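Participant: First, the structure itself, so that you have it in front of you.
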Amino acid sequence: MIKQDSKVLLEVKNLHASVGGVEILKGVDLTVRAGEVHAIMGINGSGKSTFSKVLAGHPDYTVTGGSANFEGKELFVLEPEERARAGLFLAFQYPVEIPGVSNSALLRLAYNTLQNERGLEELDPLEFDDLIQEKIKIVEMDGSFLDRSVNEGFSGGEKKRNEILQMAVLEPKLAILDETDSGLDIDALRIVSKGVNSLLSQDNAVVMVTHYQRLLNYIVPDYVHVMDGGRIVRTGNKELALELEARGYDWLRVEA
Amino acid sequence: MSAALQNLVNQPYKHGFVTDIETEAVPKGLSEDVIRMISNKKEEPEWLLEFRLEAYRHWLTMEEPAWANVAHPTIDFQDIIYFAQPKPKKQLSSLDEVDPELRRTFDKLGVPLHEQKLMTGVAVDVIFDSVSVTTTYKAKLAEIGIIFCSFSEAVHEHPELVKQYLGSVVPSGDNFYAALNSAVFTDGSFCFIPKGIKCPMDLSTYFRINTEGSGQFERTLIIAEESSSVCYLEGCTAPQFDTNQLHAAVVELIALDNADIKYSTVQNWYAGDENGVGGIYNFVTKRGLCKGVNSKISWTQVETGSAITWKYPSCILLGDNSIGEFYSVALTNHLQQADTGTKMIHLGRNTRSKIISKGISAGRSSNSYRGLVKVSSRAAGARNYSQCDSMLIGGRCEASTFPTIDVQNTSATIEHEASTSKIGEDQMFFFAQRGIDSEEAISMIINGFCKDVFVHLPMEFAVEATKLLGLKLEGSVG
């Protein structure tokens with residue numbers, strides 16, 4: 001929902017970033033306000049995933065120019081964990097497996113770390129269990145998921161649902177979903193989308209990075225951005241995504 | 001490894017201080033004269049001197065073993081001080097008489113030497129360099145017939161027991177380092193649990209090597225008579241020196257019919273610095289004999305220190321239905337090397353053994369599990385379950401597994417499982433992205449990985465082990 005007067009959550013200006021000495025982002029501008037849903041689309045190698053990792057602070061990427069402001073704070077001076085505690089969440093394209101660490105233990109530690117940050121009470125395991133039993137309904141997960149090691153032996157769809165479960169527990173201000181739809185069958189896509197939609201409010205925002213228009217049928221964007229060659233080359237509404245689906249990306253690349 | 005992570009790895013060694021106490025050392029080097037001098041200083045009976053000399057003569061004929069997956073410069077056995085004891089030596093009747101400097105050392109180490117011991121219920125026998133300083137709780141334990149004292153004291157007070165059992169599990173010529181130990185051992189702990197007695201408290205020793213260039217050769221002998229049980233804790237630290245120190249101990253456990261011995265170690269010898277300079281060479285022979293029917297010996301170890309760890313706490317399952325267990329966490333970082341594991345020798349019928357080994361390698365370290373499960377032809381119905389898991393942290397460390405299974409009886413059941421996992425920058429970034437800092441992330445990963453072993457540690461050791469592993473690994477990922 002677009003409201004021009006709502007609060008700016010994220011403001012990125014002329015962002016340049018490189019990995020291994022190669023410049024990938026070559027001047028990205030993006031403004032995200034509370035209550036908005038953005039989609040960033042583009043071909044492989046256009047810089048979409050790099051953009052999300054740079055915002056989250058992945059150590060492999062170096063910011064070489066430009067700025068990003070998150071709720072009035074300079075984002076790039078913050079450590080990755082500080083960005084997370086400030087309310088920036090990244091749902092990973094390839095969620096990692098953490099052998100030996102149970103899902104519930106991870107979620108409780110992450111949740112209590114945030115509670116501390118916000119000056120709120122930590123939850124003990126029993127109190128947290130009450131909370132988590134509600135949250136897993138959002139992603140239609142079985143309680144047995146909580147006792148399993150994080151992502152270990154999970155199917156592709158289960159891993160992505162697990163990411164959304166983490167989002168549901170942490171309730172971030174800004175969630176970046178990095179190709180959350182890739183590798184999902186239609187049922188899992190429906191569950192994940194429903195989960196994300198139920199978490200949307202006037203106080204938070206979502207940026208979806210995706211190849212396909214399909215996801216946008218379920219989570220309807222206010223803005224669609226097309227990324228190419230490390231820049232956003234076109235911004236439109238959801239109609240732009242449909243046009244991309246029909247015509248591909250080449251016409252935009254020529255134009256750019 | 002990124003710079004930030006590097007910094008976190010380089011946690012200084014907390015126990016690296018030298019206690020400035022005058023020590024009385026015999027000259028460097030080894031000869032029959034040195035052995036006679038040690039034996040004489042300790043006012044030992046003739047038979048023990050003969051035991052030492054026989055071991056020494058055997059040792060002279062032996063070659064230093066080279067089969068372990070570790071590398072180190074040749075050890076000059078003539079460049080080691082074989083006996084060092086704090087001076088002046090006098091009979092101590094209470095803790096107040098212990099040298100205040102020594103007391104401060106123990107305070108720094110966190111050894112519970114005074115009032116808090118009463119609350120923790122731990123009896124401590126402290127081995128400082130080679131002399132047992134004091135054995136607490138002795139009188140209380142003596143009331144129910146338990147003997148817990150320094151090895152030297154046992155030699156004088158209970159020579160018949162020492163003579164009967166010394167070398168009965170690890171013969172003096174068993175291996176190169178056991179022979180060396182048998183020739184020059186200076187002190188250690190002795191523990192005897194009489195028939196039918198369940199030791200009411202955990203017994204604990206604390207080893208510490210203080211003199212630069214000294215070797216520590218202690219000897220531990222634990223005997224559990226019929227239907228008795230005991231839980232024994234061993235903690236180890238050493239100060240920081242640039243030279244390597246040799247620690248070649250021998251531990252012998254004997255369990256008679258229906259007896260139960262649980263032996264736990266948290267080992268934090270100085271591991272050398274980040275460039276591999278200094279640190280302890282920990283070449284130890286630990287072996288338990290389940291001599292009686294239904295007896296049980298359980299080893300639990302958390303190995304975090306030493307430049308080189310080379311040991312295989314083992315069980316000889318002689319009595320029918322006897323049980324051997326080995327639970328181990330071995331962590332190596334920087335340039336540490338560990339070649340550790342166990343041997344389960346099934347001789348009796350329906351004997352059972354269980355091996356849970358967790359190896360964690362970080363930095364440029366090398367960590368090997370080496371195990372032997374042997375079932376003899378008469379060990380009908382023997383069972384073994386082995387699980388060996390390795391975790392690699394970062395991209396420059398090494399983990400190896402060398403399991404050997406030798407089964408001579410077709411009714412035996414042997415299971416072996418192994419796994420390898422890797423913790424890298426991606427996992428750490430995931431934790432960071434969920435707001436969790438690297439210290440907590442590592443501690444969570446390690447606790448998860450090691451929980452099958454930690455549950456077997458006594459409570460206070462489990463807490464210490466968790467902290468120790470976290471400290472040793474801080475920032476080693478990336």
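The values are calculated or read from the model by the stated rules, or taken from the named source; none is laboratory data. The model shown is predicted, which means the values in this text are computed figures rather than measured ones. Cβ placement follows ideal geometry from the backbone for every residue including glycine, while neighbour counts extend to all protein chains displayed.
Participant: Among (1) more than 8 Å from chain B (Cβ to nearest Cβ); (2) assigned to a helix (DSSP H, G or I); (3) of a type in the set (Asp, Glu); (4) within 21 Å of the chain's Cα centre (by Cα), where does A:Glu140 come up short?
Facilitator: All conditions are met except number (2).
Participant: When you check B:Ala441 against the structure, is it part of a helix (DSSP H, G or I), within 14 Å of chain A (Cβ to nearest Cβ) and over 17 Å from A:Gly100 (Cα atoms), yes or no?
Facilitator: no
Participant: If we only count helices (runs of 4 or more DSSP H) wholly inside segment A:179-256, which ones have 1 or more residues that are in contact (Cβ under 8 Å) with a residue 60 or more places away in the chain and farther than 20 Å from A:Asp29 by Cα? Talk me through it step by step, then tell me what you get.
Facilitator: Values: elements: A:186-199, A:214-218, A:238-247, A:250-255.
Answer list for segment A:179-256: A:186-199, A:214-218, A:238-247.
Participant: Where in segment B:148-203 are there helices (runs of 4 or more DSSP H), lying wholly inside it, with at least 1 residues that are surrounded by fewer than 17 Cβ atoms within 10 Å (Cβ to Cβ)?
Facilitator: Counting at least 1 such residues, we get B:151-157, B:159-165.
Participant: If you don't mind, another one. Considering only segment A:105-130, state which residues are away from every other protein chain (no Cβ under 11 Å), closer than 17 Å to A:Asp147 by Cβ and either in contact with a helix residue (DSSP H, G or I) (Cβ under 6 Å, 6 or more places away or on another chain) or free of Cβ contacts under 8 Å to residues at least 12 places away in the same chain (or both).
Facilitator: A:Leu126, A:Phe128, A:Asp130
Participant: Could you check segment A:162-181 and list, in sequence order, the residues that are on the phi > 0 side of the Ramachandran plot and crowded, with 21+ Cβ neighbours inside 10 Å?
Facilitator: Selection gives A:Glu179 alone.
Participant: Which one of B:Gly435, B:Gly470 is among the small types (Gly, Ala, Ser) and over 27 Å from the mean Cα position of the chain (by Cα)?
Facilitator: B:Gly435
Participant: Check off (1) among the small types (Gly, Ala, Ser); (2) over 27 Å from A:Asn151 (Cα atoms); (3) within 16 Å of the chain's Cα centre (by Cα) for A:Gly87 and give me the number that stays unchecked.
Facilitator: (2)
Participant: Only residues that are part of a strand (DSSP E or B), of a type outside the set (Val, Ile, Thr) and under 25 Å from the mean Cα position of the chain (by Cα): list them for segment B:391-415, please. Steps first, please.
Facilitator: Step one: list which residues in segment B:391-415 are part of a strand (DSSP E or B), which gives B:391-393, B:398-407, B:413-415.
Adding the requirement that they be of a type outside the set (Val, Ile, Thr) leaves B:391-392, B:398-400, B:402-403, B:406, B:415.
Those that are part of a strand (DSSP E or B), of a type outside the set (Val, Ile, Thr) and under 25 Å from the mean Cα position of the chain (by Cα): B:Met391, B:Leu392, B:Glu398, B:Ala399, B:Ser400, B:Phe402, B:Pro403.
Participant: When you look at A:Val96, is it within 13 Å of chain B (Cβ to nearest Cβ), in a strand (DSSP E or B) and closer than 24 Å to B:Phe449 by Cβ, yes or no?
Facilitator: Details: within 13 Å of chain B (Cβ to nearest Cβ): yes; in a strand (DSSP E or B): no; closer than 24 Å to B:Phe449 by Cβ: yes.
Against the criterion (within 13 Å of chain B (Cβ to nearest Cβ), in a strand (DSSP E or B) and closer than 24 Å to B:Phe449 by Cβ), A:Val96 does not qualify.
Participant: Can you tell me which residues in segment B:429-438 are closer than 14 Å to A:Leu107 by Cβ and more than 7 Å from every other protein chain (Cβ to nearest Cβ)?
Facilitator: Answer for segment B:429-438, where residues must be closer than 14 Å to A:Leu107 by Cβ and more than 7 Å from every other protein chain (Cβ to nearest Cβ): just B:Phe431.
Participant: Checking the conditions here, which among B:Asp406, B:Asp426 is within 14 Å of chain A (Cβ to nearest Cβ) and of a type in the set (Asp, Glu)?
Facilitator: On the way: B:Asp406 fails: within 14 Å of chain A (Cβ to nearest Cβ).
After ruling out the rest, the residue left standing is B:Asp426.
Participant: Here are some conditions: (1) in a helix (DSSP H, G or I); (2) crowded, with 16+ Cβ neighbours inside 10 Å. A:Gln133 meets all but one. Which one does it not meet?
Facilitator: Unmet condition: (2).
Participant: Just give me the residues in segment A:18-49 being out of contact with any strand residue (DSSP E or B) (no Cβ under 9 Å at 6 or more places or on another chain) and closer than 28 Å to A:Ala246 by Cβ, in sequence order.
Facilitator: A:Asn44
Rundown of residues vs (1) more than 8 Å from chain B (Cβ to nearest Cβ); (2) crowded, with 16+ Cβ neighbours inside 10 Å; (3) part of a strand (DSSP E or B); (4) out of contact with any Asp or Glu (no Cβ under 8 Å at 6 or more places or on another chain), yes/no style:
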| position | (1), (2), (3), (4) |
| --- | --- |
| A:Ile40 | yes, yes, yes, yes |
| A:Lys53 | yes, yes, no, no |
| A:Glu81 | no, yes, no, no |
| A:Ala84 | no, yes, no, yes |
| A:Gly100 | no, yes, yes, yes |
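Participant: Within segment B:409-423, can you find the residues that are among the hydrophobic types (A, V, I, L, M, F, W, C) and within 14 Å of chain A (Cβ to nearest Cβ)?
Facilitator: Passing the criteria: B:Ala418, B:Ile423.
Participant: Looking only at segment A:155-168, count how many residues are within 14 Å of chain B (Cβ to nearest Cβ) and free of Cβ contacts under 8 Å to residues at least 40 places away in the same chain.
Facilitator: Number satisfying all stated conditions: 1.
Participant: Suppose the filter is within 22 Å of A:Thr235 (Cα to Cα), among the aliphatic types (A, V, I, L, M), touching a residue at least 24 places away in the same chain (Cβ under 8 Å) and not in a strand (DSSP E or B); does A:Ile24 pass it?
Facilitator: Answer is no for this residue.
Participant: Please indicate, with yes or no, whether at least one residue in segment A:9-19 is within 12 Å of chain B (Cβ to nearest Cβ), of a type in the set (A, V, I, L, M) and not in a helix (DSSP H, G or I).
Facilitator: No, segment A:9-19 contains no residue that is within 12 Å of chain B (Cβ to nearest Cβ), of a type in the set (A, V, I, L, M) and not in a helix (DSSP H, G or I).
Participant: Can you say whether A:Ser52 is of a type in the set (Ser, Thr, Tyr) and touching a strand residue (DSSP E or B) at 6+ places or on another chain (Cβ under 7 Å), as far as the supplied structure shows?
Facilitator: Criteria met by A:Ser52.
Participant: Can you tell me which residues in segment B:444-465 are more than 9 Å from chain A (Cβ to nearest Cβ), in a helix (DSSP H, G or I) and surrounded by fewer than 18 Cβ atoms within 10 Å (Cβ to Cβ)?
Facilitator: If we filter segment B:444-465 for residues that are more than 9 Å from chain A (Cβ to nearest Cβ), which is where we start, we get B:452-465.
This time we only want the ones that are in a helix (DSSP H, G or I), so: B:452-454, B:459-465.
B:Asp452, B:Met459, B:Glu460, B:Val463, B:Glu464 - these are the residues of segment B:444-465 that are more than 9 Å from chain A (Cβ to nearest Cβ), in a helix (DSSP H, G or I) and surrounded by fewer than 18 Cβ atoms within 10 Å (Cβ to Cβ).
Participant: If you don't mind, there's one more thing I want to ask. Which members of segment B:273-308 meet the condition of being surrounded by fewer than 24 Cβ atoms within 10 Å (Cβ to Cβ), touching a His at 6+ places or on another chain (Cβ under 7 Å) and modelled with pLDDT under 85?
Facilitator: B:Glu274, B:Gly276 - these are the residues of segment B:273-308 that are surrounded by fewer than 24 Cβ atoms within 10 Å (Cβ to Cβ), touching a His at 6+ places or on another chain (Cβ under 7 Å) and modelled with pLDDT under 85.
Participant: Residues to consider are A:Gly57, A:Gly35; find the one that is buried (at least 18 other Cβ atoms within 10 Å of the Cβ), over 30 Å from A:Ser155 (Cβ atoms) and either in contact with a Ser or Thr (Cβ under 8 Å, 6 or more places away or on another chain) or without any contact (Cβ under 8 Å) to a residue 60 or more places away in the chain (or both). Please lay out each step first, then the result.
Facilitator: Values: A:Gly57 fails: over 30 Å from A:Ser155 (Cβ atoms).
When all the criteria are applied, what remains is A:Gly35.
Participant: Output yes when any residue across segment B:410-417 is buried (at least 18 other Cβ atoms within 10 Å of the Cβ) and at positive phi, and no when none is.
Facilitator: For segment B:410-417, residues buried (at least 18 other Cβ atoms within 10 Å of the Cβ) and at positive phi: absent.
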